[in-house]
1. For the chain, with only Lys/Arg (+1) and Asp/Glu (-1) charged at the beta-carbon, what is the dipole magnitude about the Cα centre, in debye rounded to 20?
2. Quick one: grab the alpha carbon gyration tensor of the range 79-144, order the square roots of its eigenvalues as a ≥ b ≥ c, and give me rounded if a/c is under 1.5, else prolate or oblate depending on whether a/b is larger than b/c.
3. How about residue 161: which lysines have a C-alpha closer than 29 Å to its C-alpha, ignoring those fewer than 8 places off in the same chain?
4. In the neighborhood of residue 39, defined by Cβ-to-Cβ distances under 12 Å, what is the net charge if each Lys or Arg adds +1 and each Asp or Glu adds -1?
5. For residue 130, enumerate residues with amide H under 5 Å from its amide H, sequence gap 5+ or separate chain, H modeled in the peptide plane.
6. Below 14 angstrom from the Cβ of residue 151, what's the summed charge of the other residues (Lys, Arg +1; Asp, Glu -1)?
7. Taking 37 °C and 0.692 mPa s as the conditions, I'd like the Stokes-Einstein D for the range 2-84 in µm²/s, using the Kirkwood hydrodynamic radius from alpha carbon pairs.
8. Between the range 157-225 and the range 54-132, how many Å separate their Cα centres?
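Please treat every number below as a calculation from the coordinates, not as lab data. Every value quoted in this text rests on a predicted model; they were computed, and no experiment measured them. Positions of Cβ are generated from backbone atoms using ideal geometry, with glycine treated the same way; all protein chains shown enter the neighbour counts.
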Amino acid sequence: MPDEKFSAMRQSIVDGAPDTASGLAQQAVSSGIAPIDAINEGFVLGMHDVGEQFARGQMYLPDMMASAEAMRAAMAVLDPELKKLGTERPMAGIVVLGTTKGDIHEIGKILVGTLLTAHGFRVHDLGVDVAGEKFAAKAKELNADIVGVSALLTTTMRNQKSVIEAMELAGLRPQVKIMVGGAPVTRRWADEIGADGYAKDAMSAVDLARQLMAQKTNATVAEPV
Ligand code: HCB
């Protein structure tokens, strides 16, 4: 029963059990459950439970770390399966991804990178705790189309604005689109800081990246010769 499997996946994250999570991910792959369904309907829901329990004081930092470990174990199995899909598609665009300075949350960003890769984007992940200048330097080096900036803390959200400022300072803003995301981030915040778009989850990030690529193409076509 997939429903029971999804509940077990969710619970393995709440329990902070990497071996169980990895085993369930492997079972999902071998039994034909789509990796993206295993993530969205199983494992990610566990991460949300963990966040809620932590906020209510029913879970502590070490528990949250164990849950993150379990999520990474599941992703280690599902990531390659999802990324395989991308090799069969034409190159959709170049994306530089990272989590803002002061912030070490990476699971959501990794998921965004995986789904973008699965949909044909070439993704360079700068990791966590990344300063604006580093985003700008990598975007310039790779001639990136899009920069994706993740922030999970209300205190590090403002560093998304610093990334935009660094891109402006490097003269890259006209040609590089910027999308932002992360649990506390909203569309309103994205508008306020001058980002080109906001995505609430990894699949929306793929849709947004496609829209941003279309905007770039239209702008190039419309430019006078
Ligand atoms: Co962390 N943490 N944490 N944490 N953490 C949160 C984020 C809280 C909301 C928990 C809570 O209080 N309810 C909270 C933040 C409160 C706030 O500021 N509003 C919090 C806190 C307080 C902290 C510490 C300060 C705790 C402490 O030390 N006292 C500390 C901060 C460390 C730091 O960064 N400097 C901390 C540490 C940790 C870890 C290390 C234990 C661990 C991270 C491990 C890791 O990533 N390797 C952790 C975790 C796991 C969480 C929760 C439980 C889950 C985050 C997660 O992975 N979610 C989180 C609770 C929550 O978010 N509800 C909690 C699952 C992913 C799939 O969702 O939102 O990250 P996502 O990403 C989505 C979406 O946002 C979008 O697509 C993704 C995929 O669908 N998206 C983008 C994300 N980035 C995008 C970029 C784009 O361009 C486009 C879309």
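1. 620 debye
2. Verdict is oblate for the range 79-144.
3. Within reach: 101, 109, 134, 138, 140, 177, 200, 216.
4. It works out to a net charge of -4.
5. The answer is 99, 100, 101, 102, 103.
6. Details: positive: 101, 109, 158, 161, 200; negative: 103, 106, 129, 192.
Around residue 151, the charge tally is +1.
7. Values: Rh = 12.3 Å.
Here the translational diffusion coefficient equals 267 µm²/s.
8. Value for the Cα centre distance between the two parts: 18 Å.
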